[in-house]
C-alpha cells in the first residue's frame, strides 16, 4: 500500500506519516532525504530524529538515487521528503536536470518491494509568486512528481493545520 501525504510547511505531515506506521508489526525504515546543509537543516534533522525516537524506525540517509536502496522484504518505509529528494536530484550535478522520471521509477521500485510505503511531500506551487527559472523548474518538477505518485497511490492525504483531509482512498490509521 502506498500513501502520499502532502501539505504546507509545519502542518503535521510528519506526525501523520509516523502515526500511519505506528502499529506496523515488522521492520520500519525511515528514508531521510534532507542533506545537512547549514544550521536550519541540522535543526530540522534533529527535530525529526527526536520525533521518531522510540518508535522503532531504522534510519537510512539517501539523498539521491532512492531506487538503489536495498530493503528487507515486507518492511514499511516512510520516505521524507519528496521536496528535498527532488531538489537533491535536480541540483546536485553540474547541469540542472528534470528528475521526474528517475524519481517515479525509484518510488515504484520501492513500492514493489515493501508492504507499506508512506511518502511525505510538500505543496510548493500554489503561492502565485514569480520565481527564477531554476526555482520555477523545481516547482514544475515537484508538481509533476506529486501528481504522478497521487495517480498510483492507494491513499492521498492533505494535512491542513494538523487536520488530515483524505483526497483519495482512506486514512490508513
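The values are calculated or read from the model by the stated rules, or taken from the named source; none is laboratory data. Since the structure is predicted, the reported quantities are computational estimates derived from the model, not experimental observations. Cβ placement follows ideal geometry from the backbone for every residue including glycine, while neighbour counts extend to all protein chains displayed.
Say whether the condition of being assigned to a loop (DSSP other than H, G, I, E, B), loosely packed, with under 15 Cβ neighbours inside 10 Å and in contact with a strand residue (DSSP E or B) (Cβ under 9 Å, 6 or more places away or on another chain) is met by at least one residue in region 57-72. Yes, region 57-72 contains a residue that is assigned to a loop (DSSP other than H, G, I, E, B), loosely packed, with under 15 Cβ neighbours inside 10 Å and in contact with a strand residue (DSSP E or B) (Cβ under 9 Å, 6 or more places away or on another chain).
Here residue 9 clears all of (1) touching a residue at least 24 places away in the same chain (Cβ under 8 Å); (2) touching a helix residue (DSSP H, G or I) at 6+ places or on another chain (Cβ under 8 Å); (3) farther than 19 Å from residue 110 by Cα except the condition numbered (2). Pairs linking a residue in region 32-52 that is more than 18 Å from residue 9 (Cβ to Cβ) to a residue that is modelled with pLDDT under 80 and exposed (fewer than 13 other Cβ atoms within 10 Å of the Cβ), with Cβ atoms under 9 Å and 6 or more positions apart or on different chains, are 36/42.
Okay, residues lined up against (1) under 15 Å from the mean Cα position of the chain (by Cα); (2) surrounded by fewer than 21 Cβ atoms within 10 Å (Cβ to Cβ):
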site	(1), (2)
107	yes, no
115	no, yes
122	yes, yes
132	no, yes
146	yes, no
158	yes, yes
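The numbered conditions (1) at pLDDT below 95; (2) closer than 22 Å to residue 148 by Cα are all true for residue 77 except (1). Residues being within 23 Å of residue 140 (Cα to Cα), buried (at least 17 other Cβ atoms within 10 Å of the Cβ) and at pLDDT below 95 are represented in region 34-45 by at least one member.
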